[in-house]
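The values are calculated or read from the model by the stated rules, or taken from the named source; none is laboratory data. The structure presented is a predicted model; accordingly, all values stated were derived computationally and were not measured. When we count neighbours, we look across all protein chains shown, and the Cβ atoms used for this are built from the backbone with ideal geometry, even at glycine.
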Amino acid sequence: MGTLLPVLSADVIARYHRLKGDDVVFVSGSDEHGTPIEVEAIKQGIQPKELTDRNHKIVSDLFEKYGISFDNYSRTENPIHIEFVREIWKKIEENGYVFPQEMELPYCEKCDRFLPDRFVEGKCPVCGYEEARGDQCDRCGRLLDPVKLLEPYCTICGTKPVIREVVHWYFDLPRFADQLLAYIKGNKQLPDNARNFSLNLLKEGLRPRPITRDTKWAIPAPFKGASDKTIYGWFENVLGYVSATLEYFRNQGQTEKWKEYWFGKDARTLFFIGKDNIPFHTLFLPALLIATHDSYNLPWNVSTNEWLTFKGQSMSKSRRVGIWLDEALDLFPAVYWRYTLISIRPEAKDSNFTWRILREKVNSDLNDTIGNFIHRTLTFINRYFNGTIPEAKELSKDDKRMLQRSKALVKDVSQKLDHFLLQAALRNVTRLSRLGNKYLNEKQPWKTIKTDPEAAANALYVTAQIAKALSIVMEPFLPFASKDLRSQLNLPERIEWKDATSLIPPGHKVSEARPLFQKIDASDEEIQGMLEGVRSTQETVSFDDFSRMDLRVGKIVKAEPIPKSGNLLKLTIDIGDNELRTAVAGIATHYKPQDLEGTLISVIVNLAPRKAMGVTSEVMILAAQDRGTLALIQPSKPVEAGSRIS
Ligand SMILES: [Zn+2]
Ligand SMILES: [Zn+2]
């Protein structure tokens, strides 16, 4: 979930600006180079490209399912990016900001390689965190020098490395210290966390940064004499924002248009990141852009979220704390995650995710407040006015005040979004629905329709306007629900922000009301159980684990129904050498016992025994299921009972 936060925040803002009529290009991409990928590929025994192709596809698909409206989600393996990065660095070298220098690096004698960045892990010399990586400590956020790690070990083989000397190329970062300081101080938009972190680093003093590596899976360095070196990931992936813009327009045949966004006087670049990535966006990227002497626009804002913890713990894939993007969608629809994550977006301080919070947000905010208000409004209009927005005659003071409050809240959502206060903006969307519900409760059109039909008409006219306003202000946060609501209101799909305060005319036909959201009934324990269920089906099995399974061909000697069990058969199976084992199998509705006797099937022999209907099942039979059909897996030629399956 942690990785979705910045992307989702960026999506909210991109959607908002599109609605406002601003010219938006929303880009990002998979960061595919570098040691984490290389380490992972080595561990999996595949080529890095194979791994990144797979990951890029998975991640792009997932972002789409979450409704992330990228104009271009590119990747750093893209040839356009590679060419762009090499050109920029060539230019920076020509401008005199790159120099070679001897340095010390950990070297693993067993793997016969240098260990930059994540190839080495150990204890953080600053905070003592045990799992610090060679390039950065995840706990204190410090950029580290890999030779300074305490108790270092090679992440591939676990060996303690030695220190060796090697020549690398450096970027002369200190030369930009004054310009960076002026940039940070002069940038009024920067949130406090990004500003303070950057100012601290500047105060501590910048050092030249080694930009080359000896790794293979990276972009080849274009420097003179560096033909066997590559560029460190953080010194090329940030340029991906530019190259993805360039690629986007080049694909449309507008080869020069990207420049409007990166050099144009009225263009603004906005970045959304987690706080572990601050220095790369507030110092490195601006320095690189300045170093080209090409007068690029520097980041206009770097909206930086704090940590999101999972049930009080920091998320960690290795320690299995957290919930991953694919699993989350197996549990609940994207709209629930979008709403919950933005409503607890850690803006000024860390925030915590729990199942209870998710349930509360979905049940009380989405379902009972927003969904309920819209559903009641549409239901009443259908029931009392034949699905037509009623005519409003002489709106009362209350009616007018409600319309004014709606207008004011829409404006407030807008102002909050202008200041990147996404949490507060979303709170106002929910508040508008809450006020609408309160207004409906006071006006009671289901009663006044008999006593004062004009008052009922006025009330539903007003709530229809609020529903319409909601269908627009919801869009950045809940695009799928907004689209659904607009179809229920029978309004065009294309919308603009300014339409949120214009009124639907009386006589406009609406559609039947359909619930937009559903409640989560499951308890904390049940949701956790669902998550574990999802995980167990997704987990990959190592070859060693697979080899430990004793899979054989067995011969069914006897098959008999288990009384009162419905679908269960008790099978006696010869697993070789006339050794007999019992299996309990839920196949009685698919196979007759007498047809099974004497047939060969596939069995797993060494599973832990299980009891069903008083019978202990010692082996498990393998069967395939396709909706209503169940088929036993049987060898295509006769073989001896007990033959190993591998
Ligand atoms: Zn640390
Ligand atoms: Zn090693």
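Is there a residue being on the phi > 0 side of the Ramachandran plot and either assigned to a loop (DSSP other than H, G, I, E, B) or at pLDDT 95 or above (or both) anywhere in the range 240-257?
As a first pass, look at the range 240-257 and keep what is on the phi > 0 side of the Ramachandran plot: 253.
Filter once more, so that each one left must be either assigned to a loop (DSSP other than H, G, I, E, B) or at pLDDT 95 or above (or both): 253.
Scanning the range 240-257, I find at least one residue that is on the phi > 0 side of the Ramachandran plot and either assigned to a loop (DSSP other than H, G, I, E, B) or at pLDDT 95 or above (or both), so the answer is yes.
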*asked:* Considering only residues that are touching a helix residue (DSSP H, G or I) at 6+ places or on another chain (Cβ under 8 Å) and either among the acidic types (Asp, Glu) or under 19 Å from LEU470 (Cα atoms) (or both), which ones fall in the range 395-410?
replied: ASP398, ASP399, MET402, LEU403, ARG405, SER406, LYS407, LEU409, VAL410
*All but one of (1) surrounded by fewer than 18 Cβ atoms within 10 Å (Cβ to Cβ); (2) at pLDDT below 95 hold for THR155; which doesn't?*
(1)
*Go through the range 141-172 and count every residue that is within 16 Å of ligand 1 (Cβ to nearest atom) and of a type in the set (Phe, Trp, Tyr).*
0
*For residues in the range 599-616 being modelled with pLDDT under 90 and more than 42 Å from the chain's Cα centre (by Cα), which is surrounded by the fewest Cβ atoms within 10 Å (Cβ to Cβ)?*
GLY614
*Taking interchain pairs and intrachain pairs at least six residues apart, which have beta carbon atoms under 7 angstrom, with the first residue in the range 549-569 and under 21 Å from ASN606 (Cβ atoms) and the second at pLDDT 90 or above and among the hydroxyl-bearing types (Ser, Thr, Tyr)?*
LEU551/SER602; ARG552/SER643; VAL553/SER602; VAL553/SER643; ILE556/THR599; VAL557/THR572
*Is there any pair with a first residue in the range 628-646 that is within 13 Å of ASP550 (Cα to Cα) and a second that is in a loop (DSSP other than H, G, I, E, B) and of a type outside the set (D, E, K, R) whose Cβ atoms are under 6 Å apart and which are 6 or more apart or on different chains, and what are they?*
GLY642/ILE575; GLY642/GLY576
*Among LEU341, LEU378, LEU403, LEU395, which is touching a residue at least 12 places away in the same chain (Cβ under 8 Å) and within 30 Å of the chain's Cα centre (by Cα)?*
LEU341
_Within the range 295-318, tally of residues that are within 20 Å of VAL242 (Cα to Cα), aliphatic (A, V, I, L, M) and touching a Pro at 6+ places or on another chain (Cβ under 6 Å)_ = 1
*Quick check, is SER414 in contact with a Leu (Cβ under 6 Å, 6 or more places away or on another chain), among the small types (Gly, Ala, Ser) and modelled with pLDDT of 95 or more?*
no
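Looking only at the range 436-445, which residues are crowded, with 18+ Cβ neighbours inside 10 Å and free of Cβ contacts under 8 Å to residues at least 60 places away in the same chain?
Once the filter is applied, which keeps residues that are crowded, with 18+ Cβ neighbours inside 10 Å and free of Cβ contacts under 8 Å to residues at least 60 places away in the same chain, the range 436-445 yields TYR439, LYS443.
Kindly establish whether THR245 is crowded, with 18+ Cβ neighbours inside 10 Å and of a type in the set (Val, Ile, Thr).
Criteria met by THR245.
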*asked:* When you check ILE573 against the structure, is it more than 13 Å from ALA641 (Cα to Cα) and buried (at least 16 other Cβ atoms within 10 Å of the Cβ), yes or no?
replied: no
*For the range 131-139, indicate whether the set of residues that are of a type in the set (D, E, K, R) and either away from ligand 1 (no atom under 16 Å from the Cβ) or in a strand (DSSP E or B) (or both) is non-empty.*
yes
_Condition (residue is touching a helix residue (DSSP H, G or I) at 6+ places or on another chain (Cβ under 7 Å), within 16 Å of ligand 2 (Cβ to nearest atom) and farther than 30 Å from ASP11 by Cβ) applied to the range 93-114: is it met by at least one residue?_
yes
*Residue in the range 277-296 that is farther than 29 Å from ASN196 by Cβ and either without any contact (Cβ under 8 Å) to a residue 40 or more places away in the chain or assigned to a loop (DSSP other than H, G, I, E, B) (or both) present*: yes
*Quick one: which helices (runs of 4 or more DSSP H) sit completely within the range 446-553 and have at least 3 residues that are over 24 Å from the mean Cα position of the chain (by Cα)?*
453-473, 479-488, 543-548
*Restricting attention to the range 19-38, and to residues there that are surrounded by 19 or more Cβ atoms within 10 Å (Cβ to Cβ) and in a helix (DSSP H, G or I), which single residue is modelled with the lowest pLDDT?*
THR35
*With the checklist (1) surrounded by 12 or more Cβ atoms within 10 Å (Cβ to Cβ); (2) under 23 Å from the mean Cα position of the chain (by Cα) in hand, flag the one item ASN567 doesn't pass.*
(2)
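Taking the range 142-152 as the region of interest, how many residues are within 19 Å of ASP112 (Cα to Cα) and either in contact with a Lys or Arg (Cβ under 6 Å, 6 or more places away or on another chain) or away from ligand 2 (no atom under 13 Å from the Cβ) (or both)? Before the answer, list the steps.
Step one: filter the range 142-152 for residues within 19 Å of ASP112 (Cα to Cα), giving 146-147, 152.
Going one step further and asking which of them are either in contact with a Lys or Arg (Cβ under 6 Å, 6 or more places away or on another chain) or away from ligand 2 (no atom under 13 Å from the Cβ) (or both), we end up with 146-147.
Total meeting the criteria: 2.
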*Just name the residue that is farthest from ligand 2 (Cβ to nearest atom) out of those in the range 153-174 that are assigned to a loop (DSSP other than H, G, I, E, B) and touching a residue at least 12 places away in the same chain (Cβ under 8 Å).*
ASP172
